[in-house]
Amino acid sequence: MAATSPALAVGERGRPVGAAPRTATPAASAWLDITRNAAMLAVLVVHAFAPVVVTTYADLGSATWWTANALDSLVRWCVPVFIMISGALLLRPRDEGLRRFYTRRFSRIGIPLAAWSAVYLSWEHVRDGSTWRDALSDILSGEPALHLYFLFVLAGLYVLTPFLRLITRHAPTRMLWWFALLMSALGVADQFVVAFDDAGGPNAVTRFLPYIGYYLIGYLLRDTVLDRRQMWFAGAAVAGSAAATAFGAHALADATGGWGSEADYILDYLSPTVFVMSVAAFLLLGALGRRWGVFTDPDRDTGPARRRLKAVSDLSFGVFLVHVIVLSTLRGLTGIPDSPLGMLAMCSAHVAVVLVVSAAIVVVLRRIPVLRAIV
């Protein structure tokens with residue numbers, strides 16, 4: 001994100017005088033911005049409906065529960081797609097020194113990780129009375145808040161990226177696919193063992209390892225273009241794996257006597273059904289994005305639309321960081337009704353309000369020089 005001096009005057013349309021005009025994402029890669037925005041919205045849906053699925057607000061197997069479970073299962077591709085986008089953008093071989101790469105990448109996530117870890121841990125202390133020992137344990141586990149584990153995942157992937165680029169530069173595509181699928185299989189197996197045997201578990205240092213497969217697959221599928229028939233197959237794969245996820249979650253919860261780590265596993269981003277869903281969703285979103293004429297049509301001036309798209313996409317990281325506090329506060333004020341239509345209406349309203357409020361907060365923070373770096 002471009003830094004601007006606080007001393008700059010405000011010019012036409014609110015842009016600081018002397019600031020560079022906002023650039024547009026190239027038409028060929030506008031689908032990545034579209035996919036990122038869709039993934040951000042999907043994250044909000046997961047976090048809005050998940051408390052119902054884990055039986056906090058509804059009984060397992062009730063109509064309310066099934067409604068939330070269906071919607072939650074349908075968008076479980078959100079985090080894997082974010083990781084695949086990162087792989088698509090960062091793993092393409094390029095000449096970039098280690099120092100330059102690490103400085104750019106870790107300034108982008110290091111400052112937000114430190115700042116928002118402090119914010120969320122302080123919030124937990126005020127809200128629940130958690131101690132500094134609890135905070136230290138959460139940091140070492142790589143999960144200082146519900147969603148901040150994702151930044152630990154990105155940090156680990158960034159550490160490996162310059163070395164993975166050597167592999168993508170020199171290894172044949174067939175070998176890269178074997179490597180990606182092997183790492184994905186290990187990630188799926190790791191999560192299975194943790195869920196069903198309670199053996200080990202991720203921490204701040206290792207949390208990224210199960211996601212290397214997704215990272216590589218994003219790079220490998222970046223230039224894959226689906227025809228119309230293949231898009232239907234991808235859509236069917238998303239729907240089928242979402243249905244398998246929803247029914248599998250109920251079956252495991254019912255078989256184990258209630259919601260627990262076993263049932264939660266099938267909704268995990270590394271379960272077999274979510275893996276299939278995520279890869280298919282990445283391909284489908286890419287195909288749909290490439291066909292969205294307002295951003296990609298070569299016969300019209302798509303620059304203004306792509307600039308607006310990029311402006312929204314640039315807010316997504318900040319919205320991801322902010323939204324949990326906004327959503328938790330809003331849910332605490334309104335609750336969630338135990339009826340299918342009431343729950344659906346309330347959780348959908350939560351998604352809409354949280355999206356708008358979080359984006360507004362990010363816009364404000366980005367205008368404050370001291371705070372701009374944290375979003």
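Please give the direction-averaged projected area of the C-alpha convex hull for region 166-308, in square nanometres with one decimal.
11.9 nm²
Could you sort 343-355, 65-77, 212-224 so that the peptide with the highest average Cβ count within 10 Å comes first and the rest follow in order?
Ranking the peptides 343-355, 65-77, 212-224 by packing returns 65-77, 212-224, 343-355.
At q = 0.08, 0.13, 0.14 Å⁻¹, work out log10 I(q)/I(0) for the chain with the Debye formula, treating every Cα as an identical point scatterer and leaving solvent out; two decimals please.
Rounded to two decimals, the profile gives -0.43, -1.22, -1.43.
Which of Met175, Met277 has the fewest other C-beta atoms within 10 Å, and how do the rest follow up to the most?
Met175, Met277
Post the alpha-carbon centroid distance, region 41-59 to region 205-273, in whole angstrom.
One Cα centre to the other: 17 Å.
Between the alpha-carbon centers of region 276-306 and region 79-146, tell me the distance in whole angstrom.
29 Å
When only C-alpha pairs under 8 Å and at least 6 residues apart count, what is the relative contact order of region 26-374, in percent?
29 percent
Taking the alpha-carbon set of region 127-221, what are its Rg and Dmax in Å?
15.9, 54
Okay, which of region 145-178 sit inside 16 Å, backbone N to the point 7 Å along the Cα-Cβ direction of His125?
Taking a point 7 Å out along Cα→Cβ of His125, the residues of region 145-178 whose backbone N falls under 16 Å are 145.
With a Cα-only, solvent-free Debye model of region 179-232, what are the log10 I(q)/I(0) values at q = 0.21, 0.29 Å⁻¹?
-0.80, -1.08
How would Phe192, Phe150 line up from fewest to most surrounding beta-carbon atoms within 10 angstrom?
By the 10 Å Cβ count, ascending, the order reads Phe192, Phe150.
Rule-based calculations on the coordinates, nothing more; no lab input. The shown structure was predicted, so the numbers you read here are calculated from the model rather than taken from an experiment. Methodologically, a virtual Cβ is constructed for each residue, glycine included, from the backbone with ideal geometry; neighbour enumeration extends over all protein chains shown.
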